[in-house]
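Read the structure below first, then the notes.
Throughout, read-outs are computed from the coordinates displayed, never taken from laboratory work. Fair warning: this is a prediction, and the values are worked out from it, not measured in the lab. Positions of Cβ are backbone-derived with ideal geometry, glycine not excepted, and every protein chain shown enters the neighbour counts.
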Amino acid sequence: MIKTARAAVYDAPNEPFVIREFPVRDVKDDEVLVKVTMSTICRSDIHSYKGHRPNPCPGILGHEIIGIIEQLGSSITLDLRGDTLQCGDRITWTEFFHSGESYYTDVHDMPQKAEGVRKYGHDLADEDPHFLGGFAEYCYIQPGTGILKLPDGISDEEATPLNCGVATMISVIEASKVSAGDTVVIQGLGLLGLYGCAIARFRGAKHVIGLDAVPDRLVMARKFGADHTIDISGLTAEQQIAAVREICSPDGADVAIEVCGVAAAVPIGIKMLRVGGRYTIAGLVNPNANMTLDGNELLRRWITLRGIHNYHPRHLVEALDFVMASRDQFPFGEIVDSKFSLEQLNEAFQRAGDNSVLRAAIVP
Ligand SMILES: [Zn+2]
């Protein structure tokens, strides 16, 4: 057993990442030690790094992670699907973990909202077990994590975003009750939006309408199942609404989903819906995302409005099944469009932050 391994650590928001070594110990009975093969930079890693939301420092970021089991605690035998786990298995796992009793888990079946739930990439690097984030050589999977074996057929690039972007959008599309024949509007065509387009298409949506102001993203959305894309740069709210409603016959869209992170998009998206339409907020992850809504409009037009954050472990299982079933239809591997070493993490964050790459992968 090696004694130490490397991690890219930041000491305070916006401080450069530095490579540090931490001890690697044997696993406890209820832990799994994974050798990280790939992790990707999520938009929320950038929010944490820039200090938009509190995160313990010095820290190791990264929660979209896959790897190979190096040591398996004696009490961990099966994955979420009931398949036997062994050393050498390639796995993904839920981005959050919680064990013990919980009102939200036990009563409401919302383990992702259990009090005291913790997430990978959100812990102090200085404390045992040190390795709880993706931008490192190892990660200790903690009790209460949903683990899922990866089939040989799925590439690292396809598999790494499963436990954040894909599973989250499976959760969002399920909550939005997207079904065959629906017209679905996706506001924002970053990673979540692209997966949203693909999942809605896979579920049999009649039209998938993608909105963004970045031309490259509109091109990508077409590859991921959008049959209409609208460049909203230079369009007023009224023009955006008119452009969408022109496609929807006889009235507005059945479903609209916010994944652009802009609060002002929500009232615009609601006006794109038909009577009885469903609106889901999934991208407003930072506090103070205030907006003005006309409650009378929600009432008169029977609008369902809901927020969705994170996902249930079952959504990770469905995320993998969705990608395996549709990987010939959608170029998931193209989403991870750049690779960096652990030493290049600063450059990777810069590129991910200025949107010059879609999803930056770290291969430690
Ligand atoms: Zn994420």
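Listing Cys164, Cys260, Cys57, Cys248 from the residue with the fewest other Cβ atoms within 10 Å to the one with the most, what is the order?
Going from least to most buried by this count: Cys57, Cys248, Cys260, Cys164.
Enumerate the calculated ³J(HN,Hα) couplings along region 92-107 in order (Karplus 6.51 cos²θ - 1.76 cosθ + 1.60, θ = phi - 60°), each rounded to whole Hz, writing x wherever the residue is Gly or Pro.
10, 7, 4, 6, 10, 8, 7, 10, x, 5, 7, 4, 5, 6, 6, 9
Tell me, what is the FRET efficiency for Lys35 and Asp126 to the nearest 0.05, using R0 = 25 angstrom and their Cβ-Cβ distance as r?
Given R0 = 25 Å and the Cβ-Cβ separation, E is 0.70.
Is the C-alpha gyration tensor of the chain telling us rounded, prolate or oblate? Criteria: a/c under 1.5 is rounded; beyond that, a/b larger than b/c is prolate, otherwise oblate.
Prolate.
Test of understanding: what is the full-extension gain from Glu334 to Leu298, defined as 0.36 nm times their sequence separation minus their Cα-Cα distance?
Gain on stretching Glu334 to Leu298: 9.1 nm.
Does region 28-183 classify as rounded, prolate or oblate by the C-alpha gyration tensor (a ≥ b ≥ c root eigenvalues; a/c under 1.5 gives rounded; else a/b over b/c gives prolate, otherwise oblate)?
rounded
Which angle from 0 to 90°, rounded to the nearest 10, does the C-alpha axis of helix 237-247 make with the longest principal axis of the chain?
80 degrees
Using the structure shown, select from Lys28/Lys50; Lys28/Lys149; Lys50/Lys149; Lys28/Lys113; Lys119/Lys177 the pairs with a Cα to Cα distance greater than 30 angstrom.
Correct reply: Lys28/Lys50; Lys50/Lys149.
Per the helix-only calculation at 222 nm, which mean residue ellipticity applies to the chain, given -39500 (n - 2.57) for every DSSP H run of n ≥ 4 and division by its residues, nearest 500 deg cm²/dmol?
-7000 deg cm²/dmol
Karplus couplings for region 37-51 from phi (6.51 cos²θ - 1.76 cosθ + 1.60, θ = phi - 60°), rounded to Hz, Gly and Pro as x?
9, 7, 9, 10, 8, 8, 4, 6, 4, 5, 4, 5, 4, 7, x
Amide H to amide H under 5 Å from Gly67: which residues, 5+ apart in sequence or cross-chain, H placed 1.01 Å off N in plane?
So Gly67 has HN proximity to Thr37, Ile91.
Can you give me the Cα centroid spacing of region 198-242 and region 36-57 in angstrom?
One Cα centre to the other: 27 Å.
Only sites in a loop by DSSP and with at most 15 other Cβ atoms within 10 Å count here; which chymotrypsin sites (Phe, Trp or Tyr not before Pro) in region 1-61 make the cut?
none
When the label point is put 7 Å from the Cα of Ser233 along its Cα-to-beta-carbon vector, which residues of region 192-207 have a backbone N closer than 20 Å?
Counting backbone N atoms under 20 Å from the label point, the list is 192-194.
Leaving out same-chain residues fewer than 8 places away, which aspartates and glutamates sit with a Cα under 13 Å from that of Lys3?
Glu21, Asp26, Glu137
In percent, how large is the relative contact order of region 1-156, given Cα pairs closer than 8 Å and 6 or more residues apart?
So the answer I get is 30 percent.
Which order do Val255, Val214 fall in if you start with the one that has the fewest other Cβ atoms within 10 Å?
Val214, Val255
Which shape class applies to region 280-319: rounded if a/c is under 1.5, otherwise prolate when a/b exceeds b/c and oblate if not, where a ≥ b ≥ c are the square roots of the Cα gyration tensor eigenvalues?
Oblate, because a/c is 1.5 or more while a/b does not exceed b/c.
Can you sort Val107, Val336 by how many other beta carbons sit within 10 Å, fewest first?
Lowest to highest Cβ neighbour count: Val107, Val336.
Would you kindly state how much longer the chain becomes between Asp251 and Ala180 on full extension, computed as 0.36 nm times their sequence separation minus their alpha carbon distance, in nm to one decimal?
This chain segment gains 23.8 nm when fully extended.
Taking the Cβ-Cβ separation of Met291 and Ser74 as r and a Förster radius of 51 Å, what is the calculated FRET efficiency to the nearest 0.05?
0.50
In whole percent, what relative contact order does the chain give with Cα contacts below 8 Å and a gap of six or more residues?
17 percent
Apply the Karplus parameterisation 6.51 cos²θ - 1.76 cosθ + 1.60, with θ equal to phi minus 60°, to every residue of region 220-229 and state each ³J(HN,Hα) to the nearest whole Hz, in sequence, with x for glycine and proline.
Taking θ as phi minus 60°, the curve returns 4, 4, 4, 6, 10, x, 6, 9, 9, 10 Hz for region 220-229.
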